[in-house]
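Here's the structure we're looking at; comments come further down.
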Amino acid sequence: SPETISEYSVAAALNLVRHFPQIEKRVQDYNFTWEAPIMAKPVKNMTVAIIGTGRIGALTGEVFAVFGAKVVGYD
């Protein structure tokens, strides 16, 4: 469904900008230090570009807007 795809898109984007794979690896290695490259800025300070503003793109933009991101779309 468009909702499920939109939710997945947001989750994948957050996974990317929050560096979850790198953080998970550090935790597995018992490395609990936080360095600048691994710190992410808040989503509310980001601009999100949505390419394709059909049902899925529009829903994805709405979810990012809830996080406070500036959303721009291109269709």
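The values are calculated or read from the model by the stated rules, or taken from the named source; none is laboratory data. Computed from a prediction, not measured in an experiment: that's the story for all the values here. Because the Cβ atoms are built from the backbone with ideal geometry, glycine has one as well, and the counts that use them run over all protein chains shown.
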field: Condition met for Gly68 (surrounded by 11 or more Cβ atoms within 10 Å (Cβ to Cβ) and part of a strand (DSSP E or B))
entry: no
statement: Scanning region 8-25 for residues that are among the basic types (Lys, Arg) and within 25 Å of Ala58 (Cα to Cα) gives Arg18
message: exposed (fewer than 13 other Cβ atoms within 10 Å of the Cβ), touching a strand residue (DSSP E or B) at 6+ places or on another chain (Cβ under 8 Å) and either modelled with pLDDT of 95 or more or of a type outside the set (Val, Ile, Thr) (or both): which single residue out of Tyr30, Tyr74, Tyr8 fits that description?
response: Tyr74
- request: Name every residue in region 37-56 that is touching a helix residue (DSSP H, G or I) at 6+ places or on another chain (Cβ under 6 Å), at pLDDT 95 or above and either over 14 Å from Val10 (Cα atoms) or outside any strand (DSSP E or B) (or both), in order of residue number.
  value: Arg55, Ile56
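Among the residues of region 40-55, are any among the basic types (Lys, Arg) and more than 21 Å from Gly73 (Cα to Cα)?
Yes - at least one qualifying residue is present in region 40-55.
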- prompt: Of the residues Leu14, Leu59, which is surrounded by 12 or more Cβ atoms within 10 Å (Cβ to Cβ), in contact with a helix residue (DSSP H, G or I) (Cβ under 8 Å, 6 or more places away or on another chain) and at pLDDT below 95?
  reply: Leu14
query: Within region 44-54, which residues are out of contact with any Lys or Arg (no Cβ under 9 Å at 6 or more places or on another chain) and among the hydrophobic types (A, V, I, L, M, F, W, C)?
result: Ala49, Ile50, Ile51
task: Return yes when Ala49 is without any contact (Cβ under 8 Å) to a residue 24 or more places away in the chain and either touching a His at 6+ places or on another chain (Cβ under 6 Å) or at negative phi (or both) and no when it is not.
output: no
